[in-house]
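Here is the structure we will look at, set down as structure tokens.
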Amino acid sequence: MKELLRTPLLPFTPEAFREYGSIRLFGPDAPATLPFRYSQFTVEPGRRTQVDQHKVLEVWVVISGNGRLIYDGQEFAVQAGDAIQFDPSRTHQIVNDTPAELKVFSFWWSNE
């Protein structure tokens with residue numbers, strides 16, 4: 001008999017609303033063996049995330065939309081398809097100054 005596989009889809013928590021838009025974090029059923037954690041967030045038009053800074057490595061992938069990334073005080077234009085790496089303890093924030101939603105997938109992990 002063929003072994004039943006666990007779903008390969010990564011679980012998320014229900015969408016939670018924030019001042020900038022919304023976020024879905026990794027679910028409680030996420031495999032403990034994953035070497036990273038993840039989230040997907042949406043920045044509504046005219047909004048920005050809070051400035052973030054932490055000790056983990058992080059990568060964002062812009063899923064849709066355009067915006068401005070403020071990374072350690074410097075600004076960069078970002079668009080759908082861009083992948084962005086953040087070094088530990090560097091500040092980062094994304095600004096959506098367009099009329100469309102900006103969606104981002106985030107992965108983070110400890111480098112220790």
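Please state which one of Thr33, Thr49 is among the β-branched types (Val, Ile, Thr) and either at pLDDT below 95 or farther than 30 Å from Pro8 by Cβ (or both).
Sole residue among the options that is among the β-branched types (Val, Ile, Thr) and either at pLDDT below 95 or farther than 30 Å from Pro8 by Cβ (or both): Thr33.
What residue, among those in region 10-31 that are touching a residue at least 12 places away in the same chain (Cβ under 8 Å) and of a type in the set (Asp, Glu), is nearest to Val43 (Cα to Cα)?
In this case the residue turns out to be Glu19.
I need the full set of residues from region 8-20 which are surrounded by 16 or more Cβ atoms within 10 Å (Cβ to Cβ) and either over 14 Å from the mean Cα position of the chain (by Cα) or at pLDDT below 95 (or both), in order please.
Phe12
Being in contact (Cβ under 8 Å) with a residue 40 or more places away in the chain and surrounded by 18 or more Cβ atoms within 10 Å (Cβ to Cβ) is the filter; apply it to region 60-92 and report the residue that is nearest to the chain's Cα centre (by Cα).
Taking the candidates together, the pick is Trp60.
Within region 39-48, does at least one residue satisfy the condition of being on the phi > 0 side of the Ramachandran plot and in contact (Cβ under 8 Å) with a residue 40 or more places away in the chain?
yes
Yes or no, residue by residue, for (1) part of a loop (DSSP other than H, G, I, E, B); (2) polar (S, T, N, Q):
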{"residue": "Leu34", "(1), (2)": "yes, no"}
{"residue": "Ser39", "(1), (2)": "no, yes"}
{"residue": "Pro45", "(1), (2)": "yes, no"}
{"residue": "Gln50", "(1), (2)": "yes, yes"}
{"residue": "Lys55", "(1), (2)": "yes, no"}
{"residue": "Trp60", "(1), (2)": "no, no"}
{"residue": "Gln85", "(1), (2)": "no, yes"}
{"residue": "Ser89", "(1), (2)": "yes, yes"}
{"residue": "Gln93", "(1), (2)": "no, yes"}
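The values are calculated or read from the model by the stated rules, or taken from the named source; none is laboratory data. Being a predicted model, the structure only gives us computed values, none of them experimental. Every residue, glycine as well, gets a Cβ built from its backbone with ideal geometry; the counts of neighbours run over all protein chains shown.
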